[in-house]
Amino acid sequence: MDNNNSPGKRLSDPGSEAKPQIFRTLRNIDLNLLTIFEAVYVHKGIVNAAKILNLTPSAISQSIQKLRTIFPDPLFIRKGQGVTPTAYATHLHEYISQGLESILGALDLTGSYDKQRTITIGTTPTVGALVLPQIYQAVKTHAPQLMLRNISVNDAETQLAQFQTDLIIDSNSLNARALSHNVLFADKLLLICRKNHPALSQAATVENLQQYEQTLLMLEGQNLNGLRQRINDIFPERLVHFSSYNLFTIAALIGSSDLIGIIPERLFTLVRHCWPLEHIPFAPLNAECVEISLYYNKLSLRDPVLENLIDVIRKAF
């Protein structure tokens, strides 16, 4: 069968000249009639369909009669105690059954975990690189029918409040009352430099480290003022000569210069395979950490698929 001629294809084609006519046609069809059609087709009789749908046989017969005025075919022919579908009805069934299954799959009213569904997770590039490989493996094991879509975070509270994304994973603290969160892990901070940096051959004191230029991570909207202040207290006179919104850019620059910088330990483990980096043991900074949390709209817990996914992600860390 040539799928290019299917109703779904024509309906979704933005360049189709027939699109307005299709909507006008659908508007004049009671879509409940299609449900009744399917019940009669699958259960091979008006009486059986009436029992399944909790309707009277008379109501089912009237609905079939309405369908006969829409389609150029009797659809069902009486045979013994039941009915048998015409060839045209069998043709309709192939399309209608697929359409109803697609609608139910999208709505997932039953919370069935065997329905394919796309889940949107918002992260920064850095956090995404840290957490999504682990999340993907957990989802693949426990909910393989789910497809993951990663988007950027620009206004986390609004994105979750307006359901523009299902979940957000971030180091930022979101305080909106409509949101809930779970801390996935806390990552201690490291001071890093390139291999063979002169700081590695000196005692790691504030005085010695202050002489080197440093990098600074700048993320719009990040609520990390407390942590930034404590870092400023550790390095009261640090010389910041490069700032960036992207920790990967910072790591690349540190690997090719005498700059030193601060990044979380897990990220250091990741980027040290890309650039020649070392960490400078420095207890005052290593005592500080940044929390990576999973955020979601509280109303999302009414969705059994999301509720299960949240539990899967929490257990993965």
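What's the carbon and sulfur percent of the chain's accessible surface, probe 1.4 angstrom, rounded to a whole number? Carbon plus sulfur share of accessible area: 52 percent.
Extending 7 Å from the Cα toward the beta-carbon at both SER201 and LYS44 defines two label points whose distance is 9.0 nm.
For LEU277, the amide hydrogen comes within under 5 Å of the amide hydrogens of LYS195, counting only partners 5 or more places away or on other chains and with H modelled in the peptide plane.
With contacts taken as Cα pairs under 8 Å at a separation of at least 6 residues, the stretch 44-167 carries a relative contact order of 19 percent. Per residue, the accessible area of the chain comes to 57 Å², computed with a 1.4 Å probe over protein heavy atoms only. Shown for the chain are the DSSP H helices of 30 Å or more along their axis, judged by Cα atoms, with a mean Kyte-Doolittle hydropathy of at least -1.0: 87-107.
Note on the stretch 173-248: Cα-only Rg and Dmax are 15.7, 51 Å. Across q = 0.22 Å⁻¹, the stretch 108-221 modelled as identical point scatterers on its alpha-carbon atoms has Debye log10 I(q)/I(0) values of -1.30, in the order of the q list. Placing LYS315, LYS195 in order of accessible area, with the largest value first and a 1.4 Å probe, yields LYS315, LYS195.
Pairs over the 31 Å Cα-Cα cut-off, from the set LYS195/LYS315; LYS140/LYS298; LYS140/LYS195; LYS51/LYS79; LYS51/LYS298: LYS195/LYS315; LYS140/LYS195; LYS51/LYS298. Length gained on full extension, ALA252 to ILE103: 48.9 nm, using 0.36 nm per residue less the C-alpha separation. If you sort ARG78, ARG24, ARG177, ARG228 by accessible surface, 1.4 Å probe, largest first, the order is ARG177, ARG78, ARG24, ARG228.
Determine the distance separating the Cα centre of the stretch 50-87 from the Cα centre of the stretch 247-266; give it in Å without decimals. One Cα centre to the other: 71 Å. For the stretch 136-201, the set of chymotrypsin sites (Phe, Trp or Tyr not before Pro) satisfying both a DSSP loop assignment and a count of at most 14 other C-beta atoms within 10 Å is given as PHE163.
Comparing the chain with the 2.2 N^0.38 Å rule of thumb, its C-alpha radius of gyration ratio is 1.52 (two decimals).
The values are calculated or read from the model by the stated rules, or taken from the named source; none is laboratory data. Quick caveat: nothing in here was measured; it's all calculated off a predicted structure. We place every Cβ from the backbone using ideal geometry, glycine too, and count neighbours over all the protein chains shown. Note: areas computed on protein heavy atoms with side chains; ligands, DNA, RNA excluded. Shrake-Rupley method; radii C 1.70, N 1.55, O 1.52, S 1.80 Å.
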